[in-house]
Amino acid sequence: MTTTARWLISFVMVLAMSAGLVAQGTSAQSAMQQQQQTLEGGLGVTVIDGNVFYLFTMTPEFAIGNFGLGVDLNLRFNTKGQIRPGDYVHAGDFLRIIRYARWGQKGDPFYIRVGTLDDARLGHGFIVYNYRNSASYDLRKTGIELDADFDKYGFESVYSDVTASSLLGLRGYVRPLRLTPLAKIPVINGFEIGATYATDLDKQSNETFGTLTSDPSAVVNANNGSAMAVYGFDAGLPIIEYSSVKSTLYGDYAKIKGYGNGAAVGIDFHFSGMGLLSIGAKYERRFLGDEFLPSYFDALYEHDRYMLVPDSAHFASKAEELLVYAKKSQGNYGELLISVLNTFNIVGAYQAPVGVKNQGVFHAELQTPAVIPQIVVDGGFDKRNIGPVFKLDENSILYAELGYKPIPYMIVSMLYQWTFAKQPNGTYATQKRIEPKVRFVYSF
């Protein structure tokens, strides 16, 4: 067994012995987040694109007060006892063993999260929404979310990769009525005005169609090599404000630098009934100009930013999509979240332009940890350019796990993932991952 393998196994044992001393919370949609402590580890087999690896995993999650910590250590060995090539090579690979550390939750007066970002968003999400900084296990990054709400004003921020030039987003906001004598008027004193600026500092974020040659001038670049940037303004007016029921009317405007602009008006609704039932709903009507895409930085952005076309000298990019496919239109966006007793959690969201085929974007999450006795179901699905909704293709990301609990602290499960992996030549290829495994889970 290699020195690296021995070091990692020693590190696993340290984590296991210290698990009871640290803390954590889940990472899903904010309304589904709940404080919990779990100590989890297991053994299994991973099949990645036909290659078999033996798996040892430790994924404890803990929470103490506002502090949370998540660990995601996966050791995959081939039949020769060697760690899977490329898994632990650079210093950043070891840093990513800490999946995340956080203080608070999104929406709290102070919130910070360092590590994997699962559904980062700014404001109402018209520019950054459900953004995921890690397109697959092999492309995990360490990012930061930092928010602060000082009652009269505040800010939200996101930086997707602390080790490279990447997505940087900032939204500042103010509640102007709280700076006047009208601050005493309930509900409407929550009227909020915000401004957002988000930019991808990656040098390829703004490259459009072109041919790759030894001459850089052969590549067409729409903004002379500048970073992709989106800025916008928003306003929100609470119309219902109770501890268990809240609703807000809002409007957004955004402009993609060098391209088009768009606007949206919407309403959201939140209900929480004593921990028994939680409902979140949102509807937007969108008015989109040429060369504009709403929620430009979304769940599939890391894959869509820049892709070399296999077996050719061409590439595709999301900036190119603005020029070729983004036409003036109106559209709808809807979202629904339901949580029952924290044992059945489901999120569904769909957006599409009116009268345009195969341009919809779909997002779904499902968690049913205790609905059916001894059965565990967990899954997530994102798809753009919707045609057949549940057909897996280059526009899809999926994870799905089905498990059985023969005893309270053991889960025998099968995990299936459809995602993407970057190839040595710079192209992206779909990656299918199958993991049958046995894991031990203790919640406290």
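The values are calculated or read from the model by the stated rules, or taken from the named source; none is laboratory data. This one's a predicted model, so the numbers in the text were calculated from it and none came from an experiment. FYI the Cβ positions are ideal-geometry reconstructions off the backbone, even for glycines, and counts take in every protein chain you see.
Summary of computed values
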{"item": "Answer residue from the stretch 283-300, given it is among the aromatic types (Phe, Trp, Tyr) and assigned to a strand (DSSP E or B) and is nearest to the chain's Cα centre (by Cα) among those", "result": "Phe297"}
{"item": "Tally of residues being among the hydrophobic types (A, V, I, L, M, F, W, C) and surrounded by fewer than 18 Cβ atoms within 10 Å (Cβ to Cβ) across the stretch 61-82", "result": "2"}
{"item": "Residue count for the stretch 332-349, restricted to those that are closer than 30 Å to Arg305 by Cβ and touching a Gly at 6+ places or on another chain (Cβ under 9 Å)", "result": "8"}
{"item": "Verdict on Val162 being hydrophobic (A, V, I, L, M, F, W, C) and either within 18 Å of Asp252 (Cα to Cα) or in a loop (DSSP other than H, G, I, E, B) (or both)", "result": "yes"}
{"item": "Residue in the stretch 119-133 that is of a type in the set (D, E, K, R), out of contact with any His (no Cβ under 6 Å at 6 or more places or on another chain) and without any contact (Cβ under 8 Å) to a residue 40 or more places away in the chain present", "result": "yes"}
{"item": "Tally, over the stretch 192-207, of residues that are surrounded by fewer than 19 Cβ atoms within 10 Å (Cβ to Cβ) and modelled with pLDDT of 95 or more", "result": "3"}
{"item": "Qualifying residue in the stretch 83-91 (condition: buried (at least 18 other Cβ atoms within 10 Å of the Cβ), in contact with a strand residue (DSSP E or B) (Cβ under 7 Å, 6 or more places away or on another chain) and either not in a loop (DSSP other than H, G, I, E, B) or not basic (Lys, Arg) (or both))", "result": "yes"}
{"item": "Qualifying residue in the stretch 339-346 (condition: under 19 Å from Leu300 (Cα atoms) and surrounded by fewer than 18 Cβ atoms within 10 Å (Cβ to Cβ))", "result": "no"}
{"item": "Filter result (buried (at least 24 other Cβ atoms within 10 Å of the Cβ) and within 12 Å of the chain's Cα centre (by Cα)) within the stretch 108-120", "result": "Gly115, Leu117, Ala120"}
{"item": "Residue within the stretch 231-246 that is in contact with a strand residue (DSSP E or B) (Cβ under 9 Å, 6 or more places away or on another chain), at negative phi and of a type in the set (Phe, Trp, Tyr) present", "result": "yes"}
{"item": "Filtered residues of the stretch 108-134 (kept if small (Gly, Ala, Ser) and either in a strand (DSSP E or B) or closer than 11 Å to Asp298 by Cα (or both))", "result": "Gly115, Ala120, Gly125"}
{"item": "Residue match in the stretch 149-161 (condition: touching a Pro at 6+ places or on another chain (Cβ under 7 Å) and over 12 Å from Tyr197 (Cα atoms))", "result": "yes"}
{"item": "Close pairs (7 angstrom Cβ cut-off, 6 or more residues apart or separate chains): within 19 Å of Gly107 (Cβ to Cβ) in the stretch 158-186, of a type in the set (D, E, K, R) and buried (at least 17 other Cβ atoms within 10 Å of the Cβ) anywhere", "result": "Val158/Glu145; Arg171/Glu156; Tyr173/Glu192; Arg175/Glu192"}
{"item": "Complete set of residues in the stretch 101-126 that are within 25 Å of Tyr350 (Cα to Cα) and hydroxyl-bearing (Ser, Thr, Tyr)", "result": "Thr116"}
{"item": "Filter result (within 30 Å of Gly262 (Cβ to Cβ) and in a loop (DSSP other than H, G, I, E, B)) within the stretch 169-196", "result": "Arg175, Val187, Phe191"}
{"item": "Filter result for the condition that a residue is within 24 Å of the chain's Cα centre (by Cα), buried (at least 17 other Cβ atoms within 10 Å of the Cβ) and within 25 Å of Val377 (Cα to Cα), over Gly280, Gly266", "result": "Gly280"}
